[in-house]
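After the structure tokens below, expect a handful of questions from me.
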Number of protein chains: 2
Amino acid sequence: MSNHIINRPEDVVHEALEGLGILYPDIVAYHRDPRFVTRSVASTDKVALISGGGAGHEPLHTEFVGTGMLDAAVPGAVFASPTALQIKAAVENVETGHGALLIVKNYTGDKLNFSIAAELLSPEREVAIVVVDDDLSTATADSGGPGRRGTAAVLTVEKICGAAAERGRSLTEIADLGRRVVSASATLSVALRSCTPPGHSVPSFQLNEGEMEFGVGIHGERGRETRATAAASELIPQLAGPVVAEIAAVEGDGVIAVVNGLGATHGLELAVATAELQSFLKSKGITLDRVIAGSFVTALDMHGLSITLLRSTEEFLDLWDAPVHTAALTW
Amino acid sequence: MSNHIINRPEDVVHEALEGLGILYPDIVAYHRDPRFVTRSVASTDKVALISGGGAGHEPLHTEFVGTGMLDAAVPGAVFASPTALQIKAAVENVETGHGALLIVKNYTGDKLNFSIAAELLSPEREVAIVVVDDDLSTATADSGGPGRRGTAAVLTVEKICGAAAERGRSLTEIADLGRRVVSASATLSVALRSCTPPGHSVPSFQLNEGEMEFGVGIHGERGRETRATAAASELIPQLAGPVVAEIAAVEGDGVIAVVNGLGATHGLELAVATAELQSFLKSKGITLDRVIAGSFVTALDMHGLSITLLRSTEEFLDLWDAPVHTAALTW
């Protein structure tokens, strides 16, 4: 018996999407076969934004569908890429002659299936792909591997590109914008307890008391190293320090921050982490221009968090502040 | 070392409230000594709504402060009532001559301290108290004990009374409304894993694989009985069945539902539970008029959920639908 509130593990994604449709009928519509989610009221006069990937990271991406963010999200099974045919069907449903931007986290399966979908689409449809690869704990593509994983920075890409699309910018402009957001953002994560996939009864890896896994991803894999747990005042600088260095934020700069719970992290912890992040940035002379905290890009029920920082520009801040109305983000 | 992302356990509430102020400066203001949270822009032309109780249940109550819900929230330490002096100071800060409604979950400490605060206030301030006692797994006051615990129905009371206050209704009317919401609502909860209080390293009680604790509260105490885990399609009727009976909802009636994660429950699980709830209610001929799902009233990092149902009336639905803008609820 699975230690989760589900029915059969193989049905969890479908049943949860039915639940999503019940919860937010004014925002999203669930298309069952092939499986994807669109806005319940389509927008036909703008570039269409489509993202997707394995399930298990909810609210990402399905709950970022709505005004100011995505037009469609394409979920695979838990931790497994959607198929090219699902992605193609979603694009055909929401692309209305203004082009489609595919926002893809950097994993081999996702990149492959989104690329095949782009090739399968009629050449009359203009398509661009933005690949998000923000996870500092993984090696860059320079080293010959698949490159850095995509994690919570995808939220900043979807929010900022979504706002630009609502304002009528062209596909070329929005794709360029998305790549600039990716270049200016980075993420680092830590876990105190790993996740337990549906149908399993023990976490995907074990930590002893007093240990934390530093540099984890969002699929329950081991991180870069196991470290001793630390007070938030030490842990947050361990995460934010390398991120600040990577995005080359220096004294006088500002950042947009996402303090992201990995699934089972309590609001008290995320709020304490936010206070520590502000204090750390202040010590570096960096301004916390905007910050949100919540469980946005989860690894099922992992207990841990990630810190994503995006170096602010006036353009990014303006688009970040634009209205958004999705299941998971509304302002 | 505590297995949480915090500093000293005794500082967690204060530091999290500092984080809350950083996250939502336009919505809430944190008053440090005595400790309470108010709207950042006070409303002076209406009845003031104040709630509070032990911390560890976030987003309750602090993240329900804002337009359309509370004027102030008064957090104690984790799982401990705030003091009467904190409550008195909060009321004095937000009550502006139109009266104050104190919304109190039914626990001995909370009732005592809110009552003392009401007595300590100047007799020129009109005060009413609504006690929320929705948890079906505890005995009613008829049996001589303290009566049923207050759990997630407090969200429906705060939302509906908050909307009535914005519309200028009198204290007497709003207190009566709140009591009618309490009478028409009930809650039942289940846990698959208990919570681990800050500074502790093991959960407050242990379950074996294949067991769930039925009828838990929100303080990590054991529930009414230990049962075998069940698929969501069996579990949700186990929870919703007694709740439907208690609120005397019958074929042709409608309900407002809160599918509430107890802290570490994943969005996939809450969405599956929502789909199962709709299906169960449909089998009884009851309409799911409104439903929200999320971690609203938590027991720290407990893995489990509660189902709260409020039997709909036109008045309740109208006030439920009214705009709300708080850290945790916005529509």
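The values are calculated or read from the model by the stated rules, or taken from the named source; none is laboratory data. Since this is a predicted model, take the numbers as computed values, not measurements. Cβ atoms come from the backbone with ideal geometry, glycine included; neighbour counts cover every protein chain shown. Surface areas here come from the heavy atoms of the whole protein model, side chains and all, with no ligands, DNA or RNA. Shrake-Rupley method; radii C 1.70, N 1.55, O 1.52, S 1.80 Å.
How many angstrom lie between the C-alpha centres of region A:83-128 and region B:257-294?
Rounded to whole Å, the Cα centres lie 33 Å apart.
Another question, then. Amide H neighbours of B:Thr265 under 5 Å, counting only residues 5+ apart in sequence or on other chains, H built in-plane at 1.01 Å?
Distant-sequence amide H within range of B:Thr265: B:Gly304.
OK, next. Just to check I understand the Karplus step: with θ = phi - 60° and J = 6.51 cos²θ - 1.76 cosθ + 1.60, what whole-Hz values come out for region B:258-263, glycine and proline as x?
Coupling constants for region B:258-263: 10, 9, 10, x, 8, x Hz.
A follow-up question, please. Measuring nothing but label to label, 7 Å from Cα along Cα→Cβ, what are B:Gly168's distances to the other copies in nm, shortest first?
Those separations, rounded to one decimal, come out as 4.0 nm.
Would you mind checking which residues have amide H under 5 Å from B:Leu49's amide H? H placed 1.01 Å from N; only 5 or more apart, or other chain.
Distant-sequence amide H within range of B:Leu49: B:Asp71, B:Ala72, B:Leu101.
If you don't mind, another one. Work out Dmax and Rg for the protein assembly as shown from the C-alpha atoms and quote the Rg first, both in angstrom.
23.9, 77
Taking the axis that carries chain A onto chain B, what is the nearest Cβ in chain A, and at how many Å, to the whole number?
That would be A:Ala264, 2, residue then distance in Å.
While we're on this one: Compute the FRET efficiency between A:Asp318 and B:Arg167 as 1/(1 + (r/R0)^6), taking r as their Cβ-Cβ distance and R0 = 45 Å, and round to the nearest 0.05. Mind dumping the intermediate values first?
On the way: r = 35 Å, r/R0 = 0.78.
Using R0 = 45 Å, I get an efficiency of 0.80.
In addition: Provide Rg over Rh for region A:185-312; use the alpha carbon set for both Rg and the Kirkwood Rh (inverse mean inverse pair distance). Please list the in-between numbers first.
On the way: Rg = 14.3 Å, Rh = 14.6 Å.
Using Cα coordinates only, the ratio equals 0.98.
Calculate what fraction, in whole %, of the accessible area of the protein assembly as shown sits on carbon and sulfur atoms when a 1.4 Å probe is rolled over the protein chains. List each step's numbers first, then the result.
Working: 11150 of 22890 Å².
The nonpolar share, carbon plus sulfur, comes to 49 percent.
Quick one: label points 7 angstrom along Cα→Cβ at B:Asp142, distances to the other copies in nm, smallest first?
Spelled out, the distances from B:Asp142's label point are 7.4 nm.
Turning to a different aspect of this structure: Among A:Val243, A:Val291, A:Val130, which one shows the highest mean-square fluctuation when chain A is modelled as a Gaussian network with alpha-carbon springs under 10 Å?
Maximum among the listed residues: A:Val291.
Taking beta carbons within 10 Å but only from partner chains, what does the mean come to for residues B:258-267? Write down the numbers at each step before the final one.
Working: counts 0, 3, 0, 3, 0, 5, 10, 5, 18, 16.
So the per-residue partner count for this stretch is 6.
To the nearest whole number, what is the average tally of beta carbon atoms from other chains within 10 Å of the beta carbons of peptide A:35-46?
Details: counts 0, 0, 0, 0, 0, 0, 0, 0, 0, 0, 0, 0.
Other-chain Cβ atoms within 10 Å of each residue's Cβ, averaged: 0.
How do B:82-91, A:49-58 rank on mean C-beta neighbours within 10 Å, highest first? Walk me through the numbers on the way to the answer.
On the way: B:82-91: 22.2, A:49-58: 27.5.
Listed from highest to lowest mean packing, they are A:49-58, B:82-91.
If you average the C-alpha positions of region A:165-220 and of region B:176-234 separately, how far apart do those two centres end up, in angstrom?
The distance from the Cα centre of region A:165-220 to that of region B:176-234 comes to 30 Å.
Sticking with this one: What are the ³J(HN,Hα) values, in whole Hz, obtained from phi via the Karplus relation 6.51 cos²θ - 1.76 cosθ + 1.60 with θ = phi - 60°, for each residue of region A:286-297 in sequence order, with x given for Gly and Pro?
Ordered by residue, 3J(HN,Hα) equals 9, 8, 7, 5, 9, 8, 10, 9, x, 8, 10, 10 Hz.
Kindly report the accessible area of region B:254-331 per residue (heavy atoms of protein chains, probe 1.4 Å, no ligands, DNA or RNA), in Å². Write out the running numbers ahead of the final one.
Working: 2110 Å² over 78 residues.
Per-residue accessible area for region B:254-331 comes out at 27 Å².
For region B:20-79 and region A:59-78, compute the distance between their C-alpha centroids and round to whole Å.
31
Quick check: net charge around B:Gly254, other residues with Cβ under 14 Å of its Cβ, Lys/Arg +1 and Asp/Glu -1?
Working: positive: B:Lys282, B:Lys284, B:Arg290, B:Arg311; negative: B:Glu251, B:Asp253, B:Asp289, B:Glu314, B:Glu315, B:Asp318, B:Asp321.
Every neighbour counted, the sum reads -3.
Let me ask another. Calculate one ³J(HN,Hα) per residue across region B:55-67 by plugging θ = phi - 60° into the Karplus curve 6.51 cos²θ - 1.76 cosθ + 1.60, and present them in order as whole Hz with x for glycine and proline.
Here the 3J(HN,Hα) series is 6, x, 10, 4, x, 3, 9, 4, 8, 10, 8, x, 4 Hz.
Next up: For A:Thr151, list long-range residues whose amide hydrogen, built 1.01 Å from N in the peptide plane, is under 5 Å from its own amide hydrogen.
A:Asp134, A:Asp135
Using 0.36 nm per residue of separation minus the Cα-Cα distance, give me the extension gain between B:Glu124 and B:Thr96 in nm, one decimal. Please report the intermediate quantities before stating the final value.
On the way: separation 28, 0.36 × 28 = 10.08 nm, distance 1.09 nm.
Here the segment from B:Glu124 to B:Thr96 would lengthen by 9.0 nm.
Also: Taking only Cα atoms of chain B, what ratio of Rg to Rh do you get with Rh as the Kirkwood inverse-distance radius?
Numbers: Rg = 18.8 Å, Rh = 19.8 Å.
Ratio value, two decimals: 0.95.
Another question about this same structure. Pairs to check: A:Lys105/A:Lys159; A:Lys46/A:Lys105; B:Lys88/B:Lys159; B:Lys105/B:Lys284; B:Lys159/B:Lys282. Give those whose C-alpha atoms are more than 20 Å from each other in this structure.
Working: A:Lys105/A:Lys159 15 Å; A:Lys46/A:Lys105 23 Å; B:Lys88/B:Lys159 22 Å; B:Lys105/B:Lys284 30 Å; B:Lys159/B:Lys282 25 Å.
A:Lys46/A:Lys105; B:Lys88/B:Lys159; B:Lys105/B:Lys284; B:Lys159/B:Lys282, as the Cα separations exceed 20 Å there.
Please report the buried accessible area for the interface of A with B, total over both chains, probe 1.4 Å, in Å² to the nearest 100.
Buried: approximately 4400 Å² between B and A.
If I build a Gaussian network model for chain A, linking alpha-carbon pairs within less than 10 angstrom, which residue out of A:Glu314, A:Glu92, A:Glu213 has the largest mean-square fluctuation?
A:Glu314
Pull out the extension gain between B:Asp11 and B:Val250, defined as 0.36 nm times the separation in residues minus the alpha carbon to alpha carbon distance; nm, one decimal.
On the way: separation 239, 0.36 × 239 = 86.04 nm, distance 4.78 nm.
My answer for the length gained is 81.3 nm.
Further question on the same structure: Hey, got the average number of other protein chain Cβ atoms within 10 angstrom for residues in B:7-18? Each step should come with its number before you reach the end.
On the way: counts 9, 3, 0, 0, 4, 6, 3, 2, 10, 10, 4, 7.
Mean shielding by partner chains, rounded to a whole number: 5.
Grab the DSSP H runs of the protein assembly as shown that are 4 residues or longer, score each as -39,500 (n - 2.57), total them, divide by all residues and round the 222 nm result to the nearest 500 deg cm²/dmol. All intermediate terms of the calculation are to be shown ahead of the outcome.
On the way: 16 runs with 206 residues, N = 662.
Mean residue ellipticity, 222 nm, calculated: -10000 deg cm²/dmol.
Once the label point is set 7 Å along the Cα-to-beta-carbon vector, what list of distances in nm do you get between A:Ser201 and its counterparts in the other copies?
Result for A:Ser201, in nm, nearest copy first: 2.5.
With a 10 Å radius around each residue's Cβ, average the other Cβ atoms per peptide and rank A:103-111, B:259-267, highest first.
Numbers: A:103-111: 22.0, B:259-267: 28.6.
Order by mean packing, descending: B:259-267, A:103-111.
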